[in-house]
1. With a length cut of 18 Å (Cα positions projected on each helix's long axis) and a Kyte-Doolittle mean of at least 0.5, go through the chain and give me the DSSP H helices that pass.
2. Name the shape class, rounded, prolate or oblate, that the alpha-carbon gyration tensor gives for the chain, where a ≥ b ≥ c are the square roots of its eigenvalues, rounded holds for a/c under 1.5, and otherwise prolate holds if a/b is larger than b/c and oblate otherwise.
3. Restricting to DSSP H runs of at least four residues, report the calculated mean residue ellipticity at 222 nm for the chain, -39500 (n - 2.57) per run over all residues, nearest 500 deg cm²/dmol.
4. With charges only on Cβ, +1 for K and R and -1 for D and E, what is the dipole size of the chain about its Cα centre, in debye, rounded to 20?
5. Rounded to the nearest 0.05, what FRET efficiency do F606 and V233 have when you use their Cβ-Cβ distance and R0 = 60 Å?
6. Taking a ≥ b ≥ c as the square roots of the eigenvalues of the Cα gyration tensor of segment 81-225, is the shape rounded (a/c under 1.5), prolate (a/b larger than b/c) or oblate?
7. Where the centre of each part is set by its Cα atoms, how far does segment 48-96 sit from segment 244-301, in angstrom?
8. Among residues other than N636 whose Cβ falls under 14 Å from its Cβ, what is the net charge (Lys/Arg +1, Asp/Glu -1)?
Amino acid sequence: MNLAFIWHMHQPDYRDESGVMQMPWVFLHAIKDYYDMPWMISRHSGLKATFNITPSLILQLKLYYENPQKSDKFLNLWLQDQSSLDMQNYKWMIKICKSVPYETMAASIESYSRLYKKESYEDGEFFDLQVLFILSWCGVYLRTNSKVVKDLLAKQRGYTYEDKLSLLEELREFISGIFDYYIELKKRDTLSLCTTPLNHPILPLLLDVQSAIAANPSTNTPEYSISLKEDAVLHIQKAKDLFVKTFGFLPDGFWPAEGAVDEKSAALLYDYGAEWIATDEDILFRSISSKKRAALYTPYDCNGMCICFRDHQLSDLIGFTYRFWEAKIAVKDFISSLLLIDKTDKSATAFVILDGENAWEFYENNAFYFFDELYKSINSTAWLNTLHIEDIKKLPRKKLNKLAAGSWIGGKLDTWIGQREKNRAWELIFITKRDYEHHKESFDDALNAKITEHFLAAESSDWFWWYGDDHYTEFGLEYDALFRSHLICIYNLMQIEPPFDFFEPIIQKRSSKDFWIYPQSHISPHINGKNDSFFDWIGCGVVYESKFYATMDRKRGPIKKMLYGQDFENIYFAFEADMDEIKNFDFTLRTIIDPIGFDEEVSFDFEGKKEYKSKKSTIAYEVAYEDWVEIKIAKNAIKKQKLYFRFELSKDDMVIQVLPGFGMLEIDTQSDFSDRWFV
């Protein structure tokens, strides 16, 4: 059988109207992922894959070639004398420097781990924190091959300004060779390259927002919408032009942003030269009115367009599940899943399509161990063959008479339209577009071109991803401000006063408090595993795990909410979960407390005893479970004031959920909550 990997490499356009990137994720993923991902494939001869490189990523990555600090707000502040930073920028730098997943990126660097947990810094510590943050993002290739990176990692502390300059120059030179490396691997026939319309727009919504209703009839769409077809065409044309300028040849295929398709958008891409596109299995199943998985493993022809449909389960195993597993076990499971497909269809082609950057910081060693084992296993499996898209186009295709509307997120378009905040963002675009149409004839070509650039930037799917309550980031207000800045700039270019409400955040004072409620007072709940007393947990802290989403849409696991708190004698936790799922399998909950080295496991046995008391620890530890899971930990044997808790939920010896989802939960065992009293 055939296996086709398509890795999607994308970053939103973080530039403000002055052209300066307001967040550093392009730079950080460049030193960690954009070279490492093709490099890991190239280490295993004969393997093939397709890489989708988005235009917004290309444009921003090139800004680092000559003067990185000029184009990046973070790097500009990173090189400034820290005494010159005002309090807002100082706090923002700390926020950025503590934004990595702790367990996989900070814990392994001793000095960074120590500084990560601090709340205030001496000048030297703040300086070290900044350097260690960048070093933590350096990928396996740099850590293996760069003397500068290796020496600075070994140094651990006491960094100098010269160290910063040396590191930045090393990384600048490294980044400037990334696209040349892709071209080299394409010449070797290891890679095939494709792209996405310019600013990663949801093409079906640009053509007609009512396509969201075709995907999901219950979706609420904005009133008084207008078609943005002319902009959709420009997104396609400009993407092709930039791709040719960067790689030296025309792209023959597109990954539509977020796999969002319908018949109109597919026809438009075909009219402008796309020979193939790819999307999700849910779109195929709705298109053929069947969920038979055997239909998934072949390319299709729809009005001349070659369409590939990704295996959602296989893709999500890599994107979300295997990060908890030991590499050999994960790879064995993946190959076993492919074998089941091969047994039913020897000519099957499975499409595994996912983000090529966002998952790996949650894997050990940036997923190197996993991919090295995976690629070795594929190469040693005689019945398995990897193809890139150039090979796929030569395969026989099935006829597809209808293409349903939707995306790779639930087969719908609701992630980008329908909720109040999302619809408000669309309304602002429509208002601005109508005002522009009234005046554009009086503007010269140069001014119209500048205005068009801002419209195209505002139409990116990335802004709408963070609006509404389905995804969360601590940088939501920054995304919101960037989106509105493009529309405000259009009014400024037209020399028209922007409407007042364009200056009002669409995200209304949202922060982690919407998803993480801090404890307000002491609690002393009765631990019996029965969720039978509301009053027991009044004043507790709450982490809504089901709402803690980062850059990818994913299922967190059976535990949806974690409650926690303490009194003078004990620390308490409760886990609200899908108990039917837990009861149907052998689950184990592991409690880990740093820095005291506490580690206790409890396996759930709903047929027998539903309570547990610690046996291997000197710390008194109790668990009860029935309607939900409750834990009590006695303080009397704990000498540390600040403790860091995390929990691992396992099924069949595989970790499937880590709690809390944002890293580690800090608890001050001596807190009296005087700063949080409420009436």
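The values are calculated or read from the model by the stated rules, or taken from the named source; none is laboratory data. Being a predicted model, the structure only gives us computed values, none of them experimental. Ideal geometry is used to build each Cβ from the backbone, glycine not excepted, and the neighbour counts take in all protein chains shown. Ligands, DNA and RNA are stripped out before the accessible areas are found, and what is left, the full protein with its side chains, is counted by its heavy atoms. Shrake-Rupley method; radii C 1.70, N 1.55, O 1.52, S 1.80 Å.
1. Helices passing the filter in the chain: 123-137, 327-344, 476-494.
2. The shape class here is rounded.
3. The per-residue figure over the chain is -11000 deg cm²/dmol.
4. Using Cβ point charges on Lys, Arg, Asp and Glu, the chain gives about 1420 debye.
5. 0.55
6. Cα axes put segment 81-225 in the oblate bin.
7. First find each Cα centre; the distance between them is then 33 Å.
8. The answer is +1.
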